[in-house]
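The values are calculated or read from the model by the stated rules, or taken from the named source; none is laboratory data. For clarity, every value in this text was computed on a predicted model and none was experimentally measured. For neighbour counting, all protein chains shown are included, and Cβ atoms are generated from backbone atoms with ideal geometry for every residue, glycine included. Accessible surface areas use protein heavy atoms only, side chains included; no ligands, DNA or RNA. Shrake-Rupley method; radii C 1.70, N 1.55, O 1.52, S 1.80 Å.
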Amino acid sequence: MTPSTGPGGPPCGPPDGPPGSAAGSAAWELLLPAASAPARARGRALQGALRDAVRSGRLAVGTRLPSSRNLAADLGVSRGLVTEAYEQLTAEGYLRSGQGAGTWVGDAVRAARPRARDLAPRSSGDLADFVPGTPDLSLFPRSAWAAAQRSVLAGLPHESLGYPDPRGLPGLRTALAELLARRRGVVADPERIMVVSGVAQATSLLASVLHARGTRTAGVEDPGSPQHHALYAAAGLGTVPLPLDDEGLATGPLYGSGVRLVVTTPAHQFPTGIAYSARRRAELLDWARSVDGLVLEDDYDGDFRYDRAPVGALQGLDPERVAYTGSVSKSLAPGLRLGWLLVPDWLADAVVERKRTTDLGHPTLDQALFARFVERGDYDRQLRVCQRAYRERRDALVAALAEHIPGSRVTGIAAGLHAIATLPKRYGPEDGFLARVTKAGVAVRPLTAYAHGGAGGGPAGDGPVAGQEVRLVLGYAHLTPARIRAGVARMARAV
């Protein structure tokens with residue numbers, strides 16, 4: 001239906017006419033589904049179908065529509081229904097009409113085909129993907145989760161569907177307090193626990209509150225999480241890279257940095273895999289007390305220790321100098337966007353208020369469901385399932401490296417979802433190694449990719465230099481043992 005334009009007048013399209021005419025036939029085909037809608041909804045359905053046809057370009061600008069009488073006859077609906085639809089869309093600007101000139105598609109709408117892109121991070125598609133940070137999503141306990149959901153929906157009071165306490169449902173905060181005290185040694189007062197959308201929101205909330213109180217910089221571990229810069233920048237804070245040594249965050253540079261907020265992963269440092277020593281944990285708290293500072297403890301995988309019981313959280317040693325955060329992203333699924341933040345008493349009211357003004361609280365149904373999941377012991381069972389699977393996969397990785405890349409070393413504690421592998425010097429230099437394994441379809445990340453300060457490739461700042469050993473951060477939790485073995489073998493063949 002491409003209209004022509006007459007001199008000095010409206011576009012000249014096909015006249016309205018019988019169902020076989022171009023305009024009548026096209027309109028009938030586009031609008032027929034709307035005509036079969038229930039009687040009460042038929043008018044809205046007809047208007048919606050016309051809008052969609054104009055927006056999508058299926059009814060082009062300048063197209064002359066059938067008369068209300070003819071279109072009503074084509075569709076088998078009342079003429080009044082069509083007249084009302086024409087009048088409504090003319091008022092909105094989709095159509096235009098003139099006395100005795102008929103009804104036309106207006107030119108106010110710029111047709112654009114709706115498109116929804118998916119910006120979620122996805123696997124690289126490589127034959128072997130060792131990029132860290134992803135749990136095995138096939139381990140998600142669908143049956144137990146569905147049972148908890150049915151139970152919660154059946155028993156949730158109507159009033160619970162209103163706006164929640166911005167800290168979270170009391171039932172979930174109580175369940176989390178018991179869980180974190182029992183499993184992680186946290187001093188967990190339900191009044192100071194806040195349910196958040198993962199560690200990212202916990203970090204942003206705390207950073208924005210501290211920025212309002214005058215904080216302008218945050219110390220971050222180097223190497224460390226690449227997300228820190230963007231998260232703190234969004235809250236107005238700069239980041240100061242702080243080097244590590246074999247015991248954890250080096251205290252000399254920490255004192256010299258001038259920061260009063262530092263972000264740490266003491267149970268299992270990301271990415272080096274070390275655990276902070278008892279001495280370093282005490283020194284870190286001494287620093288916080290001496291400068292009136294705060295430590296943000298990111299306990300991202302503290303439940304997963306394979307060689308011994310996990311070391312308790314740093315927060316348990318001084319709850320007034322340590323804010324503690326964690327989530328279900330590694331134990332259940334990151335897509336749930338569910339985590340927790342414990343803050344010192346002197347920050348609690350301000351952080352709660354910031355949470356309230358940010359999103360008015362976490363979704364009630366999700367909170368009630370997770371509370372039931374924790375209370376029934378389902379979450380403890382899930383942690384045991386993941387721990388068994390991830391221990392087996394780490395063992396498979398260590399064995400495969402020993403078999404296919406003799407002389408390689410796996411460092412860091414036996415914990416978490418990734419390991420550090422140091423390859424013999426003959427596999428270097430790093431750039432050449434990465435190019436060869438990438439060409440072979442193996443995705444890996446070097447330890448140097450997580451350096452914030454430019455040269456810090458790991459503890460003691462031993463950055464990349466010519467002839468140095470290649471050090472890789474290998475994620476294994478999302479891979480089966482068979483895929484781990486095949487991926488390491490492919491990597492070895494490539495170099």
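From the list SER160, SER225, the one residue that fits, being in a loop (DSSP other than H, G, I, E, B), modelled with pLDDT under 95 and among the polar types (S, T, N, Q), is SER225. Pairs needed: first member in the range 376-396, free of Cβ contacts under 8 Å to residues at least 24 places away in the same chain and among the polar types (S, T, N, Q); second member anywhere, assigned to a helix (DSSP H, G or I) and open to solvent by less than 10 Å² (accessible area, probe 1.4 Å); C-beta distance under 9 Å; at least 6 residues apart or different chains. Filtered contacts from the range 376-396: no entries.
Only one of the numbered conditions (1) in contact (Cβ under 8 Å) with a residue 12 or more places away in the chain; (2) under 19 Å from THR174 (Cβ atoms) is violated by LEU360, and that is (2). TYR94 fulfils the conditions (1) under 42 Å from the mean Cα position of the chain (by Cα); (2) open to solvent by less than 20 Å² (accessible area, probe 1.4 Å); (3) of a type in the set (Phe, Trp, Tyr) except for a single criterion, (2).
This table checks each residue for (1) in contact (Cβ under 8 Å) with a residue 24 or more places away in the chain; (2) surrounded by fewer than 24 Cβ atoms within 10 Å (Cβ to Cβ).
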site: LEU180; (1), (2): yes, yes
site: GLN201; (1), (2): yes, yes
site: SER208; (1), (2): yes, yes
site: ARG216; (1), (2): no, yes
site: ASP222; (1), (2): yes, no
site: ALA233; (1), (2): no, yes
site: THR239; (1), (2): yes, yes
site: GLU247; (1), (2): yes, yes
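Please indicate, with yes or no, whether at least one residue in the range 294-310 is acidic (Asp, Glu), under 16 Å from GLY198 (Cβ atoms), part of a strand (DSSP E or B) and in contact (Cβ under 8 Å) with a residue 12 or more places away in the chain. Looking for residues that are acidic (Asp, Glu), under 16 Å from GLY198 (Cβ atoms), part of a strand (DSSP E or B) and in contact (Cβ under 8 Å) with a residue 12 or more places away in the chain, one finds at least one in the range 294-310, hence yes.
Within the range 249-269, the set of residues being surrounded by 21 or more Cβ atoms within 10 Å (Cβ to Cβ) and either within 20 Å of TYR300 (Cα to Cα) or aromatic (Phe, Trp, Tyr) (or both) comprises LEU249, LEU261, VAL262, VAL263, THR264, THR265, PRO266, ALA267, HIS268, GLN269. When the test is whether a residue is within 23 Å of the chain's Cα centre (by Cα), buried (at least 22 other Cβ atoms within 10 Å of the Cβ) and not charged (D, E, K, R), ALA188 does not pass it.
On inspection, ALA218 qualifies as over 21 Å from the mean Cα position of the chain (by Cα) and either part of a strand (DSSP E or B) or among the acidic types (Asp, Glu) (or both). Looking only at the range 317-335, residues that are open to solvent by less than 30 Å² (accessible area, probe 1.4 Å) and outside any loop (DSSP other than H, G, I, E, B) come to 6 in all. More than 30 Å from VAL437 (Cβ to Cβ), of a type in the set (D, E, K, R) and either in a strand (DSSP E or B) or open to solvent by less than 30 Å² (accessible area, probe 1.4 Å) (or both) - does that describe any residue in the range 107-115? Within the range 107-115, not a single residue is more than 30 Å from VAL437 (Cβ to Cβ), of a type in the set (D, E, K, R) and either in a strand (DSSP E or B) or open to solvent by less than 30 Å² (accessible area, probe 1.4 Å) (or both).
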